[in-house]
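Reading through the structure tokens given below for one structure.
Values quoted throughout were computed directly from the atomic coordinates according to the rules given, and no laboratory measurement underlies them. Treat the numbers as computed from the prediction; the structure is a model and nothing was measured. A quick note on method: Cβ atoms are made from the backbone with ideal geometry, for glycine too, and the neighbour counts reach across all protein chains shown.
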Amino acid sequence: MKKVLFGLILSFVMVACTEKSSDCGDPESTNCELVLMDTQNHFLVGAVYNQDSIRLQVGAHQINLNFDNGTIIFNFAGLDSVNSSDYILKLNNEDYDTLNLTIHKYVNACWSGYRLDSLSYNNKIMVNITANRFEITK
């Protein structure tokens, strides 16, 4: 009888611990999208800047970049250890810019995740267009 009771209690605890809380919501995307544009709203990546020459690094750490229709995309998950550091965005051999990201790691009942709280471009705070998408006029 004790084994059955123990088994029931253990089963209840396991089910309770694996059920997601309805308060968790969906995890936020950890991709940041940068759209570089000129003053006439023309995309610069792919036109002025060749995506093969674009690099992003923080300290000695090179950040992997992806590109989609003139948009620079990178994942900031796990970069909270270099929070508020200067990221160097190398667009070509002569054009370098500085990004500064404030990343917040959070933990809820379902998962841990990362949120991009702010992004500055050459010391100017950028306003996101949607979620983690920023349009930058050069």
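Spatial offset of region 117-138 relative to region 50-111 amounts to 12 Å, using the alpha carbon center of each. For GluC sites (Glu not before Pro), the sites in region 22-104 that DSSP calls loop and that have at most 12 other Cβ atoms within 10 Å are GLU94.
When the dipole is taken about the Cα centre of region 17-95, and only Lys, Arg (+1) and Asp, Glu (-1) are charged at their Cβ, what size is it in debye, to the nearest 20?
Values: 3 positive and 12 negative charges, 46 e Å.
Taking the Cα centre of region 17-95 as origin, the dipole is about 220 debye.
Average the reciprocal distances over every distinct pair of alpha-carbons in region 30-130, invert the result, and give the Kirkwood radius in Å.
Working: mean 1/r = 0.0695 Å⁻¹.
This gives a value of 14.4 Å.
Sparsely packed loop sites in region 29-130 (the chymotrypsin sites (Phe, Trp or Tyr not before Pro) outside DSSP H, G, I, E and B with at most 14 other Cβ atoms within 10 Å) comprise TRP111.
Please check which bits of region 64-91 a label hung off THR98 would reach, taking the label as a point 7 Å along Cα-to-C-beta and the cut-off as backbone N under 19 Å. What the label zone holds, given the 19 Å backbone N cut-off, is 82-91.
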